[in-house]
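A quick write-up on the structure given underneath.
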Amino acid sequence: AGLVHLGQPVEQREQQAIDAVKGFGDAVSKNNELKNNLSLEALRKTLLKEPLDFFKKLRERLQADRDTKPESLARLANASFDLGKLTNEIGDKQDALIAYREALAIMQKLADANPTDTQFQSNLARSHGNIGNLLSATGKPGEALKAYESAMAIQQKLADANPTDTRFQSDLAASHSNPGVLLSATGKPGEALKLYESALAIQQKLADSNPTDTSVSKMRASFGT
């Protein structure tokens, strides 16, 4: 499945192909042996080149269609997002940023047109977060922090509007991590500490309300508790 929920299903066989290529790309990207072994870096790039080319061609075709139906825009946003993700893995980070920003612009339109659709809002927050990661990696901490703050603001609204949904609460806590690291690295440990404490408070509240939820425990562990 893509990053954005589609209002209507796409043609089944094409979607199966998209899912298969995306799954392969994710499996290669997340393989620790390939990621951590420098001698396998060339192999890793070769394996990821095929899914990258696939999503590049898919994005180009969807752009050429100029279809403005929500489900078509969602597919284009997905293709741009996946292209940005793969380009970040093996290509130029500026090209990856362009693809992510393209996806963000479409997701913003979808979120504005469907303000009660929590999936569109979550996707928008995730896009801001990924853009923040790229800006941070390319030496633009100020711009990165603004992107992170945009992500956190959306996650805060989702958490406030859905107080019993642990997913939104966990996403809000997680959204504090990257800006916390960035603030710490740029000589603002006090501000970073406030973010970590806020994230821990959210996770503690979640843990108290959901003592048997192992996903909450794992999230708390990631923040050092």
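Looking at LEU58, LEU43 in this structure, which one is surrounded by fewer than 18 Cβ atoms within 10 Å (Cβ to Cβ) and either farther than 20 Å from LEU110 by Cβ or hydrophobic (A, V, I, L, M, F, W, C) (or both)?
Exactly one of LEU58, LEU43 is surrounded by fewer than 18 Cβ atoms within 10 Å (Cβ to Cβ) and either farther than 20 Å from LEU110 by Cβ or hydrophobic (A, V, I, L, M, F, W, C) (or both), namely LEU43.
Tell me which residues, restricted to segment 36-60, are assigned to a helix (DSSP H, G or I) and either more than 23 Å from the chain's Cα centre (by Cα) or polar (S, T, N, Q) (or both).
ASN36, LEU38, SER39, LEU40, GLU41, ALA42, LEU43, THR46
Go through (1) open to solvent by 20 Å² or more (accessible area, probe 1.4 Å); (2) touching a helix residue (DSSP H, G or I) at 6+ places or on another chain (Cβ under 8 Å); (3) in contact (Cβ under 8 Å) with a residue 40 or more places away in the chain one by one and return the number of the condition GLN121 breaks.
The failed condition is (3).
State which residue is nearest to ASP65 (Cα to Cα) when the search covers only segment 80-102 and only residues that are free of Cβ contacts under 8 Å to residues at least 40 places away in the same chain and among the small types (Gly, Ala, Ser).
Going through the qualifying residues, I end up with SER80.
Under 6 Å between Cβ atoms, at least 6 apart or on separate chains: pull out the pairs that start in segment 46-70 with a residue that is in contact (Cβ under 8 Å) with a residue 12 or more places away in the chain and end on any residue that is among the β-branched types (Val, Ile, Thr).
From residues that are in contact (Cβ under 8 Å) with a residue 12 or more places away in the chain, the pairs are LEU47/VAL28; LEU48/VAL28; LEU48/ILE90; PRO51/VAL21; PHE54/VAL21.
Output the number of the condition that ALA74 fails; it satisfies all remaining conditions of (1) touching a residue at least 60 places away in the same chain (Cβ under 8 Å); (2) open to solvent by 50 Å² or more (accessible area, probe 1.4 Å).
ALA74 satisfies all of (1) touching a residue at least 60 places away in the same chain (Cβ under 8 Å); (2) open to solvent by 50 Å² or more (accessible area, probe 1.4 Å) except (2).
Please list, ordered by first then second residue, the pairs with beta carbon atoms under 7 Å, 6 or more apart or interchain, first in segment 153-173 and more than 11 Å from THR118 (Cα to Cα), second modelled with pLDDT of 90 or more and open to solvent by 50 Å² or more (accessible area, probe 1.4 Å).
Final answer for the pair search is LEU172/GLN156.
If LYS85 satisfies all but one of (1) more than 13 Å from the chain's Cα centre (by Cα); (2) of a type in the set (Lys, Arg); (3) crowded, with 17+ Cβ neighbours inside 10 Å, what's the number of the condition it fails?
Single failed check for LYS85: (1).
Say we look at segment 143-152 and pick out the residues that are open to solvent by less than 40 Å² (accessible area, probe 1.4 Å) and of a type in the set (Gly, Ala, Ser); which of these is nearest to THR118 (Cα to Cα)?
Result: ALA151.
Here are some conditions: (1) of a type in the set (A, V, I, L, M, F, W, C); (2) surrounded by fewer than 21 Cβ atoms within 10 Å (Cβ to Cβ); (3) touching a helix residue (DSSP H, G or I) at 6+ places or on another chain (Cβ under 7 Å); (4) over 21 Å from GLY139 (Cα atoms). ALA201 meets all but one. Which one does it not meet?
(3)
Where residues in segment 61-71 are in a helix (DSSP H, G or I) and open to solvent by less than 60 Å² (accessible area, probe 1.4 Å), which of them is farthest from ASN123 (Cα to Cα)?
LEU62
The values are calculated or read from the model by the stated rules, or taken from the named source; none is laboratory data. Please read these numbers as outputs of a predicted model, since none were measured by experiment. Heads up, the Cβs are rebuilt from the backbone with ideal geometry, glycines too, and the neighbour counts pull from every protein chain shown. With ligands, DNA and RNA removed, areas are computed over all heavy atoms of the protein, side chains included. Shrake-Rupley method; radii C 1.70, N 1.55, O 1.52, S 1.80 Å.
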